[in-house]
Each structure stands twice: as structure tokens, then as C-alpha cells.
Amino acid sequence: MYRSSNIAARVFERQIRTPAPGASVHYARRFYENLVPSYTLYEVECPDHSFRKFTDDGQYLISFSRNHQELIVYRSRWLSYSCKDEDCDRHDLPSNAKRFESFFTQLYCVSLASCNELICKDFFLYMESNQFGIFATSTAQIHDAPAVGGAVQGIPSIEKITFHLLRLQDGVILDEKVFCNDFINLTHNMGVFLYDDLLAIVSLRYQTIHILQIRDSGNLVDVRAIGEFCREDDELFLNSSSQGLSLCDKNKQQPGNHVENNQGQPTLENPFLSGIKQRLLSFIFRRIWNEQTDDTLRVQSLKKKFYFLFQDYVDLIMWKVQFLDRHHLLIKFGSVDGGRQVSRNADHHPAFFAVYNMETTEIVSFYQNSADNLYLLFERFCDHFHATSRNSMYMNFISSHSNNIHALEQLRVIKDKASSSSQFVKKMLASLPFSCQSQSPSPYFDLSLFRFDDKLISATDRHRQSTDHPIKFILRRHPYSLKFKIKPGPEGGSMDGRAKKISSFLFHPFLPLALSVQQTMFLQPSVVNIHFRK
């Protein structure tokens, strides 16, 4: 721990003191208490783009054109200008330095969407090891689409969804993956999860988890599809069995009998359960069976906990998925109403969580969204649910209640204020599975360094209701002073107080640099402020 808050003293102290084993990075991050984005340029003249985020390694700033047709990629650079006076800090910046181009250099502009497609501006995943970017384009939703071909009733349809794998160094599109007449929730990366070189895509409409591998050559390769079938040869086995049953039935029929027998084929009247659903039901059955040793009690327990709820289990659909490691998936099951749309009251919908082993095709564990034992795992080992790629350095230092005492105190305050323990558990577990790359690794969101109002700003990548008051970042340690402020919108505040405004904040992962973007609901140009260390 540094004894002085002076940056020069800290540099000298770093030369003579050695941090504790395993604490060198946290020791170095203390320098951010002195290096803060304390200067703001208001209403910067910049292109009228939709700014998405910085990549996790800070190499690129991702943005999209207002018509959602083109991808524009920038590289951040530090502001440089000359001053001949003695006290340059008190001088205002020259006019040329107050432009967007003074901080960012445009690398290229690539057209991604066709004439009837739009770029999904809330979706972007970054593969740091190869500097690959994954983008998505889609056509408009069809909300009343008929459920045909095994589709789930009540889930909307999108005629075409295209995933683009792009090399961010030069903007070359390396590969594409197209889904037709399907529905994938692309809002805040909810329906897609990236872990190392593995990509999981959840088809809500056809209840299938598509596992793809991203090769170093830039190819998207299908690995497996989990849903109707779990193993690669399941479909071949079922088809061969059905042909054998059909041939046997034909031999049993009398001459002149033309009644068709579809006993061996899946029909609308008598469908097979999907492979993943059969695995789930089998696990629930065996778990209830093993709870009792007496046969009479087993039968009673099965009637109450399994057969009585059998149809409810059958009607469950997969909402969301995330990798826990290269072999295990955390899958969230729920009703059709809960999976169809993102709701702030998601904890009111019945939901279940299953851990699935892709190699053995087995359900390892199964929990309801009110399970106390799952919440204890979530509270103590939250970082394990934030499955990050091995090559991601900055993402390993995001504050959570399992690695930061201040975040744990905030969680306990919320828990003490909750009126019902069950509702509190449901509310906390509603965030599982976590959305991929949904948090900023910026050190200014490190709760061991700074304190701020998490209702106005946080590491989570979400739009916030804008305020005319600046957001304060205060030191956690003595002297507990105000280090810097982030104020979105015009410097003097908005002239129209009735217009509803939302703000988004884009923090660089390691530089004292941030963008605040304020926009209204009437498609007016955004107000972009640049916050940096002068």
C-alpha cells in the first residue's frame, strides 16, 4: 500500500518496495488514483455516428453509421499540442485540439448490411487473441409468424440474421454465418456468448444452441448443435430406427389395407421430445428417485415432484446460455412469455438453471431461480460465472462481490432492505447467465479505488437516464476527496427539460479517457463529451 498520495512519491516508493505475491497488478492500479480524466471537452464536433464501445484491449473504438448500414472503426490517440508560455496548464486548449479527430483516427469504413438489413447496434463481440470482431445484421422482426418446422409458438421470426467475422486490423470480412427464419436475441449480446475460440448462439425459435469454433484462419466452423439432438449421431440413429419400425409395420399390414401408420415418425400429433429436454427430465427423475430409499416414499415423491409437474417441465424453453468453461454450459430455462422479451420484472417469471456437459451430453446440476444453494455459489464465486477468455488481461480485474469487499457490502445492504428473501434471491439470479463482454474493465470502475453512484453509472454496458448533475468519483481511501466528475450533455445543461434523455459512457480500458454520449428519443444528433487527463 502506498503511504503517500503524491504521484512522484509513489514512483520513488515503487522502486524500493516490492508488492505482495500476486498483488503487483492491484498495486500498480493504485496509480489511477492520480491519473484521472479530470478535464472535459463539451459538445465536441464529431461524426454523427452511433458509438458502441472500446475493444477490451483498447486498440479500437467501434461505431456504426446512423442508417445502421456501415461499420466505422477508430483508433484512439493521445492529444498533442504545443504551448510556448510558462504556465500552460491554465491556458485553454487551442481550437484545433477540441475536435474529435484530435483524439481518434478513422481506420476504415465497411459496409456490412444489405439494402433490407440493418446492423444490430447493441451487438458486438471481440476476440482479443486474433483481434477479430463479430458483428450481426438482420432484417425486421415478424411478430405473428406461424410456428412451422418445429418452431416454438409465440416466438417472433426474423427472415435473415447474418453474423460477420471481421479482422479489425484492416476491416476485411473473413467469414459469415446466416440463420434464416429464426430468432436470436442480439440485445446486449444476450443470445450469443464467446469463450476463447468457441461461440455459442441460442436459437430461441427452434430451441437449439449452435456451437461454432473461430479458427485462426478466420473461418466459422460448426462444432455441434444442442437441442433436438445432443450427440452427432443421434439423428442418424433415430432415422435408422424409424425406417426399421416402418418396414416392420408394413410387413404386418394385410393386403388392401391402405391406412398409414406413422408410429415411428415424429408428427405434430405425437412428437418426440428434444434431446436436451429428455436429458433434463431424466436428471430430474433420477434426482428425485435418489432422494428416497424406501420404494413407497419414492413413488409418492415422484408423483408430487415429477409427474404432477411433468407438463410444466416439458413446456420449458431455453432462454439464454453461457460458457462456464470449454466443456460446460449454464443454460437458463423458462416459459415462452419470459423468454420472448427482456423484462425488468424477469425475476417474476418461473425459471430454472441447468449445467450441461457438452462432452458427455449430461445435465450435471439443476436449480430453480429461488434456490438458496445456487445463490450462495453466486455470492461466493461470482467471478466463475464471468467466464473470460484466457487471453483477456484487463477483464480479470472487474469488481464483483466475490473479489471486492465494497461490492459485497453493497450486496448485503440490498439484501437487508429486501422484504422477502425468496424475491431477493430471484432478483439476484435474474442476471444469470451473464451476457458476454457486458462490463467495462476500466480501473475507474474498480470499487477498491473509487466510489460513485451506481444508479447513474457503472461498469455494465447499459444506457442510463441522463441527469444534468455531474457524476462524482470519490477516493475510497484517505483523504476521501473528489477526484473527477463525468457530466453528460451540454456544459450548461439541457434547454428542454421535458425531453427524455439517455446517456451512455464509453471508458477506455486503461487510459484516462472516456466518452459520454447523450441522446434524446427524437433522433436528434447526439451530444458527445470527451473526458481526459490534460
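Can you tell which of PHE473, PHE510, PHE505 is of a type in the set (A, V, I, L, M, F, W, C), surrounded by 20 or more Cβ atoms within 10 Å (Cβ to Cβ) and within 23 Å of the chain's Cα centre (by Cα)? Don't jump to the end; show me each part of the working.
Details: PHE473 fails: within 23 Å of the chain's Cα centre (by Cα); PHE510 fails: surrounded by 20 or more Cβ atoms within 10 Å (Cβ to Cβ).
That would be PHE505, the only listed residue that is of a type in the set (A, V, I, L, M, F, W, C), surrounded by 20 or more Cβ atoms within 10 Å (Cβ to Cβ) and within 23 Å of the chain's Cα centre (by Cα).
Residues checked against (1) of a type outside the set (S, T, N, Q); (2) under 20 Å from the mean Cα position of the chain (by Cα); (3) at pLDDT 95 or above:
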{"site": "ASP325", "(1), (2), (3)": "yes, yes, no"}
{"site": "LYS332", "(1), (2), (3)": "yes, yes, yes"}
{"site": "VAL342", "(1), (2), (3)": "yes, yes, no"}
{"site": "ALA346", "(1), (2), (3)": "yes, yes, no"}
{"site": "VAL355", "(1), (2), (3)": "yes, yes, yes"}
{"site": "ARG380", "(1), (2), (3)": "yes, no, no"}
{"site": "SER389", "(1), (2), (3)": "no, yes, no"}
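Note on segment 6-47: residues that are within 36 Å of the chain's Cα centre (by Cα), under 24 Å from LYS485 (Cα atoms) and assigned to a loop (DSSP other than H, G, I, E, B) amount to 9.
Applying a threshold of 9 Å to beta carbon distances and a minimum spacing of six or more residues, or different chains, the list of pairs starting in segment 229-240 at a residue that is in contact (Cβ under 8 Å) with a residue 60 or more places away in the chain and ending at one that is open to solvent by less than 70 Å² (accessible area, probe 1.4 Å) and part of a loop (DSSP other than H, G, I, E, B) reads CYS230/SER274; CYS230/MET358; CYS230/THR361; ARG231/THR361. Give just the number: which of (1) of a type outside the set (A, V, I, L, M); (2) buried (at least 19 other Cβ atoms within 10 Å of the Cβ); (3) at pLDDT 95 or above does GLU228 not satisfy? All conditions are met except number (3).
Based on this model, can you work out whether SER282 counts as over 26 Å from LEU199 (Cα atoms), modelled with pLDDT under 95 and either polar (S, T, N, Q) or in a helix (DSSP H, G or I) (or both)? When the stated conditions are applied, SER282 does not pass them.
Would you point out the residue of segment 53-78, among those that are open to solvent by 20 Å² or more (accessible area, probe 1.4 Å) and outside any loop (DSSP other than H, G, I, E, B), that is modelled with the lowest pLDDT? Spell out the reasoning first.
Filtering segment 53-78 for residues open to solvent by 20 Å² or more (accessible area, probe 1.4 Å) gives 53, 59, 66-70, 75-78.
Next, only the ones that are outside any loop (DSSP other than H, G, I, E, B) stay: 53, 70, 75-76.
On the way: LYS53: 95, GLU70: 96, ARG75: 95, SER76: 90.
Of everything passing the filter in segment 53-78, SER76 is modelled with the lowest pLDDT.
Which of the following residues is more than 30 Å from HIS26 (Cβ to Cβ), surrounded by fewer than 19 Cβ atoms within 10 Å (Cβ to Cβ) and modelled with pLDDT of 95 or more: VAL314, VAL336, VAL364? Show your work before the answer.
On the way: VAL314 fails: modelled with pLDDT of 95 or more; VAL336 fails: modelled with pLDDT of 95 or more.
That would be VAL364, the only listed residue that is more than 30 Å from HIS26 (Cβ to Cβ), surrounded by fewer than 19 Cβ atoms within 10 Å (Cβ to Cβ) and modelled with pLDDT of 95 or more.
For segment 443-460, filtered to residues that are out of contact with any His (no Cβ under 7 Å at 6 or more places or on another chain) and small (Gly, Ala, Ser), the residue that is nearest to ILE502 (Cα to Cα) is SER458.
Please work out if SER370 is more than 20 Å from PHE445 (Cβ to Cβ), buried (at least 17 other Cβ atoms within 10 Å of the Cβ) and in contact (Cβ under 8 Å) with a residue 12 or more places away in the chain. Yes, satisfied.
Scanning segment 406-453 for residues that are open to solvent by 30 Å² or more (accessible area, probe 1.4 Å), in contact (Cβ under 8 Å) with a residue 60 or more places away in the chain and charged (D, E, K, R), we see that the one that is nearest to LEU515 (Cα to Cα) is LYS427. Listed by first and then second residue, the pairs with beta-carbon distance under 9 Å, at least 6 apart or on different chains, first residue in segment 192-203 and over 16 Å from CYS180 (Cα atoms) and open to solvent by 10 Å² or more (accessible area, probe 1.4 Å), second of a type in the set (Lys, Arg) and assigned to a loop (DSSP other than H, G, I, E, B), are TYR195/ARG326; ASP196/ARG326; ASP196/ARG390; ASP197/ARG215; LEU198/ARG326. Quick one: would you say TYR27 is on the phi < 0 side of the Ramachandran plot and touching a residue at least 40 places away in the same chain (Cβ under 8 Å)? Spelling it out, it is not the case that TYR27 is on the phi < 0 side of the Ramachandran plot and touching a residue at least 40 places away in the same chain (Cβ under 8 Å).
The values are calculated or read from the model by the stated rules, or taken from the named source; none is laboratory data. All values reported here derive from a predicted model rather than from experimental measurement. Every residue, glycine among them, receives a Cβ derived from its backbone with ideal geometry; neighbour counts consider all protein chains shown. For the accessible areas, the whole protein counts, side chains as well, though only heavy atoms, and no ligand, DNA or RNA atoms are used. Shrake-Rupley method; radii C 1.70, N 1.55, O 1.52, S 1.80 Å.
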